[in-house]
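One structure is given below, encoded as structure tokens.
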Amino acid sequence: MKLTYWVAENVKGNRSESIVARTRHDCEQKLIAYGNPENYAPPVKKSLLYEDAFDLFEMVTGPGGGRGMD
């Protein structure tokens, strides 16, 4: 299976505060709504391949905040 999402990384704070959304438009709208868009990098498309729900769970809970997410 494939999970595709958009992320605007927080460049002036903690990476865990990055904005994540299903579409580029939604990501851009969240940037506007949250304020301080200069604190974030432009939205980029990311994809993650996984075999099943457990595989996905293992990736996102692994060391470093998510194996395979970079």
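Out of Leu3, Leu56, which single residue is part of a strand (DSSP E or B), modelled with pLDDT under 95 and surrounded by 11 or more Cβ atoms within 10 Å (Cβ to Cβ)?
The conditions single out Leu3.
Could you give every pair whose Cβ atoms fall below 8 Å, whose first residue belongs to segment 39-51 and is without any contact (Cβ under 8 Å) to a residue 60 or more places away in the chain and closer than 17 Å to Asp26 by Cα, and whose second residue is among the small types (Gly, Ala, Ser) and part of a strand (DSSP E or B), counting only separations of at least 6 or pairs across chains?
Hits for this filter: Tyr40/Ala8; Ala41/Ala8; Pro42/Ala8; Pro43/Ala8; Pro43/Ala21; Val44/Ala8.
On the basis of being hydrophobic (A, V, I, L, M, F, W, C) and part of a strand (DSSP E or B), does Leu48 make the cut?
Yes: the conditions hold for Leu48.
I'd like to verify a number: residues in segment 14-40 that are exposed (fewer than 13 other Cβ atoms within 10 Å of the Cβ) and outside any helix (DSSP H, G or I), how many?
4
The values are calculated or read from the model by the stated rules, or taken from the named source; none is laboratory data. Keep in mind it's a predicted model, so treat the numbers as computed, not measured. Glycine gets a Cβ as well: all are built from the backbone with ideal geometry, and neighbour counts include every protein chain shown.
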